[in-house]
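> Structure below; questions to follow.
What follows is calculated from the coordinates using simple rules that are stated; it is not laboratory data. Since this is a predicted model, take the numbers as computed values, not measurements. No Cβ is skipped: glycine too gets one built from the backbone with ideal geometry, and neighbour counts run over all protein chains shown.
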Amino acid sequence: MPKKEKQGVVISNKMDKTIVVKVADYEPHPKYKKIIESNKNYKAHDEGHVCNVGDTVRIVESRPLSGGKRWSLLEVVEKAR
C-alpha cells in the first residue's frame with residue numbers, strides 16, 4: 001500500500017526538527033453542494049530545518065516519531081516570499 005502524501009502551508013517551525021503544516025481539504029456540502037474548506041494541522045519531521053513559515057510543502061506518512069508526529073517532510077514545493 002503506498003504512503004499517503006499531502007500538500008500544505010507551514011504555519012509554525014518553532015519546535016526542534018518539527019514543523020506544523022496546515023492542509024486544506026475542499027468538499028461539497030452534501031445537501032447544498034457549496035464547496036466547503038476544512039483545515040487540519042499535521043506535525044511533520046523536518047530534519048535539516050529547511051522550512052520557514054509560509055512555505056508550501058509536501059509531507060508523507062511515516063512511522064510514529066513522537067506522541068503527535070506521524071508525518072515527514074518530502075519536499076519544499078515553494079518558498080515563502
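> Quick one: net charge of R58's neighbours, Cβ under 9 Å, K/R +1, D/E -1?
Details: positive: K6; negative: E5, E75.
For residues surrounding R58, the net value is -1.
> While we're here: Distance from a point 7 Å along Cα→Cβ of R63 to each backbone N in segment 1-40: keep the residues under 18 Å and list them by number.
Residues 1-4 fall inside that zone.
> Continuing with the same structure: With θ set to phi - 60° and the Karplus curve 6.51 cos²θ - 1.76 cosθ + 1.60, what are the ³J(HN,Hα) couplings of segment 56-62 in order, to the nearest whole Hz, using x for Gly and Pro?
Once rounded to whole Hz, the list reads 8, 10, 10, 10, 10, 4, 8.
> Same structure again: Which of D25, D16, D55 has the fewest other C-beta atoms within 10 Å, and how do the rest follow up to the most? Mind dumping the intermediate values first?
Details: D25 11, D16 7, D55 19.
Lowest to highest Cβ neighbour count: D16, D25, D55.
> Provide T56, T18 in ascending order of the number of other Cβ atoms located within 10 Å of each residue's Cβ, fewest first. Don't jump to the answer; show the numbers that get you there.
Numbers: T56 16, T18 20.
Ascending number of Cβ neighbours within 10 Å: T56, T18.
> If you rank M1, M15 by fewest surrounding Cβ atoms within 10 Å, what's the result?
Working: M1 4, M15 12.
In increasing order of surrounding Cβ atoms, one gets M1, M15.
> Considering only segment 5-78, what is the antiparallel percent among its DSSP beta bridges, to the nearest 5?
Details: 25 of 28 bridges.
Restricted to segment 5-78, the bridges split so that about 90 percent are antiparallel.
> Taking 0.36 nm per intervening residue step and subtracting the Cα-Cα distance, what contour gain separates E78 from V50 on full extension?
8.9 nm
> Moving to a separate point now. Would you count, across the chain, every pair of lysines whose alpha carbons are under 17 angstrom apart, provided the pair is eight or more residues apart or spans two chains?
Taking the chain as the scope, the lysine pair count is 22.
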